[in-house]
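In what follows, a single structure is set out as C-alpha cells and then discussed.
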Amino acid sequence: MALFGYPNLRIPTAAEALPGRSQPMTVAPAHTVLATSMTGPWAAGVQVAYFGMGCFWGAERCFWQAEGVVTTAVGYQGGSTPNANYQEVCSGMTGHTETVLVGYEPRLVSFEQLLAVFWESHDPTQGMRQGNDVGTQYRSTIYTTTAAQLETARRSAEVFGARLSEYRLGPITTEVCEAPAFYYAEDYHQQYLDKVPNGYCGLGGTGVSCPVGLLSGG
C-alpha cells in the first residue's frame with residue numbers, strides 16, 4: 001500500500017488528531033468470501049477480536065482462511081479520529097492503525113490458534129512499520145474484547161517473545177490491550193485480495209513458529 005508523503009512515526013495526541021466525522025463508512029451487507037455479515041449481529045457464542053499486523057489487505061486474508069472464523073472486516077483503530085478515511089489514516093494524524101475484525105466460533109478455533117496465525121504471519125518486532133510499509137498505521141496490535149482474551153494474548157506475547165529471543169530476534173513491539181473503538185474502512189478495502197487476487201500484500205513473518213497448547217483462556 002502506498003504512503004501519502006513521508007510517514008509520521010509519532011502517534012498524535014487527541015488534541016492534535018484530525019477531527020473526523022460522525023458518519024461511519026458504509027460497507028457491503030455480506031463478506032465476499034464467507035457470505036456472512038461484517039457488521040453483525042452474529043450467532044450466539046461468536047467472539048470478536050482485532051489484530052493489526054501491517055497492511056490490512058493481506059492480514060484479513062490470513063484470518064478469513066482460518067477454520068472457525070465466521071467473519072472478517074478491515075478498519076481503523078487505536079487512534080483519536082472518529083470514522084477516519086484511508087487518506088487521513090495514512091497522513092499519520094489520526095493515530096489509528098490498520099486492523100482486522102475477526103469474528104470466530106470458539107468451539108471450532110481457539111483464540112490461542114488465532115494468535116498463532118497473527119504471530120507467524122508478520123514480524124512483531126518492527127515498531128511503526130511492517131517490511132517496506134512505514135507509518136503509525138502499520139504497527140502491530142492485539143485488541144481484545146474479553147478478560148480471557150487479554151490474559152491469553154499477554155501470555156502468548158511472553159511465550160512468542162521468548163521464542164524470538166532464541167533466534168536473536170525481538171523484542172516484540174506489539175500493543176496488547178482492550179479494544180478501542182473500531183471504525184470500518186471503505187468498502188473497497190473489504191476483502192481486497194478476494195476482489196483483486198493479485199493485489200499487493202506486504203506481509204512477511206519471521207519464520208519462527210508459535211507454540212500452541214501452552215496457554216488457557218480465549
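None of the figures in this text is laboratory data; all of them are computed from the coordinates on show. Quantities reported herein were computed from a predicted structural model and do not represent experimental measurements. Glycine also receives a Cβ, built like all others from the backbone with ideal geometry; neighbour counts cover every protein chain displayed.
Rounded to two decimals, what is the ratio between the C-alpha radius of gyration of the range 112-207 and 2.2 N^0.38 Å? It would help to have the intermediate numbers written out before the result.
Details: Rg = 14.4 Å, N = 96, 2.2 N^0.38 = 12.5 Å.
Compared with the compact-globule rule of thumb, the range 112-207 sits at 1.16.
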Dipole in debye (nearest 20) - the range 47-195, about Cα centre, beta carbon charges: Lys, Arg +1; Asp, Glu -1: 240
Listed values [x] 0.95; [y] 1.06; [z] 1.13, entry calculated as Cα Rg over 2.2 N^0.38 Å: [x]
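Take peptides 19-25, 186-192, 138-144, 36-42 and line them up by average Cβ neighbours within 10 Å, highest first, as a rough protection proxy.
Values: 19-25: 12.3, 186-192: 18.1, 138-144: 25.0, 36-42: 15.7.
So the peptides 19-25, 186-192, 138-144, 36-42, ranked by packing, come out 138-144, 186-192, 36-42, 19-25.
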Within the set 35, 49, 157, GNM on the chain using Cα springs under 10 Å gives the largest fluctuation to 35
Take residue 120 and residue 32, extend 7 Å from each Cα along the Cα→Cβ direction, and tell me the distance between the two endpoints in nm. 2.7
Just to be sure I understand the curve: with the Debye formula and one point per C-alpha of the range 63-140, what is log10 I(q)/I(0) at q = 0.11 Å⁻¹? -0.33
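Which length gain, in nm to one decimal place, applies between residue 108 and residue 39 when the Cα-Cα distance is subtracted from 0.36 nm times their residue separation?
On the way: separation 69, 0.36 × 69 = 24.84 nm, distance 2.08 nm.
Stretched out fully, the residue 108 to residue 39 stretch lengthens by 22.8 nm.
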DSSP bridge orientation in the chain - percent antiparallel, rounded to nearest 5: 85
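In what order do 63, 51 fall by count of nearby beta-carbon atoms within 10 Å, going from fewest to most?
Values: 63 23, 51 28.
Exposure proxy ranking, most exposed first: 63, 51.
Which FRET efficiency value, to the nearest 0.05, is calculated for residue 23 and residue 212 with the Förster distance at 45 angstrom and r the Cβ-Cβ distance? List each step's numbers first, then the result.
Working: r = 41 Å, r/R0 = 0.91.
Computed FRET efficiency for residue 23 and residue 212: 0.65.
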